[in-house]
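The values are calculated or read from the model by the stated rules, or taken from the named source; none is laboratory data. Being a predicted model, the structure only gives us computed values, none of them experimental. When we count neighbours, we look across all protein chains shown, and the Cβ atoms used for this are built from the backbone with ideal geometry, even at glycine. Just the protein is used for accessible areas: all its heavy atoms, side chains included, with ligands, DNA and RNA removed. Shrake-Rupley method; radii C 1.70, N 1.55, O 1.52, S 1.80 Å.
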Amino acid sequence: MLIDLHTHSTSSDGTDSPTELVNRAISRKIDVLALTDHDTTRGWDEARHSLLSHPSQTSMQLVQGAEISCQDAEGISIHMLGYMFDTEFQPLLEVLERTRENRVSRMERIIARLNEAGIEISLEDVHAQRKGDATLGRPHLADALVARGHVASRDEAFAALLHNKSKFYINHYSPSPTEVIRLIKSAGGVAVIAHPLASQRGRTIKIELMEQLVEAGLDGIEIYHRDHSDDEKVQLLQIAKENDLIVTGSSDYHGTGKQNQLAEFTTHPQQWGALLSRVRPDNQKTRLIQR
Ligand code: AMP
Ligand code: ZN
Ligand code: FE
Ligand code: FE
């Protein structure tokens, strides 16, 4: 069983459209695929339609999800994977909308800093790199810098200019992780903290905060991910055991925007079953798509 619970499409900063992603996952014989774009559910319908109208008799299951940006009291960035939550639940939608809006003014501020340093780039250049109203992120800025000839690739743009410790880096508004967990759970979904110790990205979550997240209703923890070292995996497995958390593994696929390959890490079927069993029954029917 190939279960990949973390992927991105052009609805945020991936390079495959939801249709291309679903088709690719079916060709790769993935059994369960979650679409988890940053701070949006806008790819859900297209992905669902692509699966339901796929020409072959596929048994792949599509999980509707999102990777929600959060920030702790110290300003440390935390990503929360929410699965199979109800999109009629307004308080959650409002938080996502606020984050998406703030990402635009944050982009303007990053661009101003780049301009001050003599790097010519505009908001229009960045908008030209995203599809429709996709969640705007640094990868779009990276693509614009490539298009303008400032750097050769997304990776180089991040390494040279856009990484979290860069002088050009500015954060965007994000809710607290405990608030997001409560919202996801109130909307009938399940919450899994994404790559909690991906230390090369910057400062990571304090272990003590994990306890608060568990209290707020955290269901699981993404451990098998390319951004975790073996030591970090061991440390996280211990935390999962102590707190009775479900353990997941996933690719964090972004198409050609990152090296991550579909299903390069996967979730054990038992862990997936445990996660699914915690989803509100009506959401299990409507947010897990299969033919
Ligand atoms: P943002 O959400 O705007 O803060 O941008 C963060 C996104 O940039 C994350 O989704 C990462 O997947 C992506 N990212 C971070 N580092 C890199 C990199 N070196 N190459 C490509 N994408 C990256
Ligand atoms: Zn991303
Ligand atoms: Fe992430
Ligand atoms: Fe991601």
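For region 134-160, the set of residues classified as of a type outside the set (Gly, Ala, Ser), in a loop (DSSP other than H, G, I, E, B) and within 16 Å of ligand 2 (Cβ to nearest atom) consists of 135, 136, listed by residue number. Note on region 49-85: residues that are surrounded by fewer than 18 Cβ atoms within 10 Å (Cβ to Cβ) and either over 17 Å from the mean Cα position of the chain (by Cα) or free of Cβ contacts under 8 Å to residues at least 60 places away in the same chain (or both) total 11. Condition first: of a type outside the set (Lys, Arg) and within 13 Å of ligand 3 (Cβ to nearest atom). Can you find one or more residues in region 85-98 that meet it? There is no residue in region 85-98 that is of a type outside the set (Lys, Arg) and within 13 Å of ligand 3 (Cβ to nearest atom). Against the test of being under 26 Å from residue 19 (Cα atoms), in a helix (DSSP H, G or I), more than 16 Å from ligand 1 (Cβ to nearest atom) and more than 16 Å from the chain's Cα centre (by Cα), the options 233, 241, 285 yield a single qualifying residue, 285.
Of the numbered criteria (1) more than 15 Å from the chain's Cα centre (by Cα); (2) within 16 Å of residue 133 (Cα to Cα), the one residue 100 fails is (1).
Quick one: would you say residue 35 is among the hydrophobic types (A, V, I, L, M, F, W, C), within 16 Å of ligand 4 (Cβ to nearest atom), closer than 19 Å to residue 92 by Cα and in contact (Cβ under 8 Å) with a residue 12 or more places away in the chain? Considered against the rule, which asks whether it is among the hydrophobic types (A, V, I, L, M, F, W, C), within 16 Å of ligand 4 (Cβ to nearest atom), closer than 19 Å to residue 92 by Cα and in contact (Cβ under 8 Å) with a residue 12 or more places away in the chain, residue 35 comes out as yes. When residue 18 is tested against the conditions (1) over 23 Å from residue 94 (Cβ atoms); (2) within 13 Å of ligand 2 (Cβ to nearest atom), the lone failure is (2).
Within region 41-78, the residues that satisfy the criterion of being of a type in the set (A, V, I, L, M, F, W, C) and within 14 Å of ligand 1 (Cβ to nearest atom) are 66, 68, 70, 76, 78. Hey, can you tell me all the residues within region 159-210 that are more than 24 Å from residue 65 (Cβ to Cβ) and hydrophobic (A, V, I, L, M, F, W, C)? Result: 159, 160, 161, 162, 168, 170, 207. Just one of (1) out of contact with any Ser or Thr (no Cβ under 8 Å at 6 or more places or on another chain); (2) open to solvent by 30 Å² or more (accessible area, probe 1.4 Å) fails for residue 195. It is (2). Filtering region 94-128 to residues that are in contact (Cβ under 8 Å) with a residue 40 or more places away in the chain, more than 29 Å from residue 184 (Cα to Cα) and either open to solvent by 90 Å² or more (accessible area, probe 1.4 Å) or not in a helix (DSSP H, G or I) (or both) leaves 109, 113, 117, 119. Across region 182-208, the qualifying residues are those that are under 17 Å from residue 6 (Cβ atoms) and not in a loop (DSSP other than H, G, I, E, B), and the one among them that is modelled with the lowest pLDDT is 201. Figure legend. Inter-residue proximity from region 1-24: first residues within 17 Å of residue 192 (Cβ to Cβ) and more than 13 Å from ligand 4 (Cβ to nearest atom), second residues open to solvent by 10 Å² or more (accessible area, probe 1.4 Å) and in a helix (DSSP H, G or I), beta-carbon distance below 6 Å, spacing 6+ or different chains. Indicated pairs: 3/272.
Anything in region 166-182 that is over 24 Å from residue 279 (Cα atoms) and either aliphatic (A, V, I, L, M) or touching a residue at least 12 places away in the same chain (Cβ under 8 Å) (or both)? List them, or say none. The answer is 167, 168, 169, 170, 171, 172, 173, 174. As a summary of the residue check, residue 228 satisfies the conditions (1) surrounded by 15 or more Cβ atoms within 10 Å (Cβ to Cβ); (2) over 22 Å from residue 163 (Cα atoms) except for the one numbered (2). For beta carbons closer than 8 Å, sequence separation of 6+ or different chains, a first residue in region 242-254 that is free of Cβ contacts under 8 Å to residues at least 24 places away in the same chain and a second that is more than 16 Å from ligand 2 (Cβ to nearest atom), there are no qualifying pairs.
Scanning region 244-256 for residues that are buried (at least 21 other Cβ atoms within 10 Å of the Cβ) and either within 16 Å of ligand 3 (Cβ to nearest atom) or assigned to a loop (DSSP other than H, G, I, E, B) (or both) yields 245, 248, 249, 250, 251, 252, 253.
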